[in-house]
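Asks: Got a structure for you, questions after.
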Amino acid sequence: MDDILQPILHSPRLKEYMNELSSYIKTEEEKRRRFYETISEQEKAEFINGEVVYHSPVIRKHNQTTGKLYTLLHTWVYSNQLGFVGIEKILIRLSRNDFEPDICFFRREVAETFSDKTMFFPAPDFIAEILSKSTEKIDRGVKFEDYAFHQVKEYWIIDPDNESVEQYLLDKENKYNLFVKVNDGMIGSKSIAGFNIPVKALFDEAVNNDTLKQMI
């Protein structure tokens, strides 16, 4: 951060820059307020860097992969009373942006603060995004940076086309490091106690069913 700010702090135009930034932030905050007033349950929309981003419907494979992970994760978390698992329409409200991750998990201590009418959620412990052509740049870009900045401990990027999972873990400097990238074998969460599944369970119906039976 200091490397970015130093040229500005030593510039004779510092006050001019500050006024411009102040005006920009004020305008963005007004846009965000309008976003909250107009969003509905019928559409998937996010507020990213001052703009409302609407997402198109997903293809079948994306939807199936999301469903398979959610079913496994929800079953495990619910059975062990670990917290709350959200899917697709959970609005995560961060300091600047508002995202709707495909899958997210909140530990029990945080989940117990939610009510049935909670609409805006804090940064979760775990997020999984299922890649698509229209979202990959965002998932690997602003979301990757923002999730880390807000201390989301674990981030999975799942590629349904290549049937692979990238598991990123947060380091002490609030940056993500790639822990593992796999398309076979087992993958275990570091932030969801005991959640350990075959990678194929995210893409293969039979493996998913077998894994689910072992959890019940």
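Rule-based calculations on the coordinates, nothing more; no lab input. Computed from a prediction, not measured in an experiment: that's the story for all the values here. Please note: Cβ atoms are built from the backbone with ideal geometry, for glycine as well, and neighbour counts cover all protein chains shown.
Asks: If only one of 61, 68 is crowded, with 20+ Cβ neighbours inside 10 Å, touching a residue at least 60 places away in the same chain (Cβ under 8 Å), outside any loop (DSSP other than H, G, I, E, B) and more than 16 Å from the chain's Cα centre (by Cα), which one is it? Show your work before the answer.
Replies: Numbers: 61 fails: crowded, with 20+ Cβ neighbours inside 10 Å.
Just a single option satisfies the conditions, and that option is 68.
Asks: Out of all the residues in segment 90-127, which are part of a loop (DSSP other than H, G, I, E, B), more than 9 Å from the chain's Cα centre (by Cα) and small (Gly, Ala, Ser)? Break it down stepwise before answering.
Replies: Going residue by residue through segment 90-127, those that are part of a loop (DSSP other than H, G, I, E, B) are 90, 94-97, 100-102, 112-119, 122-125.
Next, only the ones that are more than 9 Å from the chain's Cα centre (by Cα) stay: 90, 94-97, 112-119, 122, 125.
Result: 95, 115.
Conditions (1) over 30 Å from residue 216 (Cα atoms); (2) in contact with a helix residue (DSSP H, G or I) (Cβ under 7 Å, 6 or more places away or on another chain); (3) among the hydrophobic types (A, V, I, L, M, F, W, C), marked per residue:
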residue	(1), (2), (3)
19	yes, no, no
24	yes, no, no
32	yes, no, no
58	no, no, yes
86	no, no, no
101	no, no, no
105	no, yes, yes
112	no, no, no
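Asks: OK, next. So which strands (runs of 3 or more DSSP E) are wholly in segment 150-216 and hold at least 1 residues that are under 24 Å from residue 133 (Cα atoms) and β-branched (Val, Ile, Thr)? Can you show your working first?
Replies: Details: elements: 154-159, 164-170, 176-182, 186-188, 196-198.
Result: 154-159, 164-170, 176-182.
Asks: Collect the residues in segment 69-84 that are in contact with a strand residue (DSSP E or B) (Cβ under 8 Å, 6 or more places away or on another chain) and small (Gly, Ala, Ser), keeping them in residue-number order.
Replies: 83
Asks: Condition (residue is of a type outside the set (Val, Ile, Thr), surrounded by 18 or more Cβ atoms within 10 Å (Cβ to Cβ), within 28 Å of residue 203 (Cβ to Cβ) and touching a His at 6+ places or on another chain (Cβ under 8 Å)) applied to segment 146-157: is it met by at least one residue?
Replies: no
Asks: Can you work out which of the residues in segment 87-131 that are under 23 Å from residue 194 (Cβ atoms) and of a type in the set (Lys, Arg) is surrounded by the fewest Cβ atoms within 10 Å (Cβ to Cβ)?
Replies: The qualifying residue surrounded by the fewest Cβ atoms within 10 Å (Cβ to Cβ) is 108.
Asks: Here is a further query. Going through 3, 102 one at a time, which residue ends up being among the acidic types (Asp, Glu) and in contact with a Phe, Trp or Tyr (Cβ under 9 Å, 6 or more places away or on another chain)?
Replies: Details: 3 fails: in contact with a Phe, Trp or Tyr (Cβ under 9 Å, 6 or more places away or on another chain).
It is 102.
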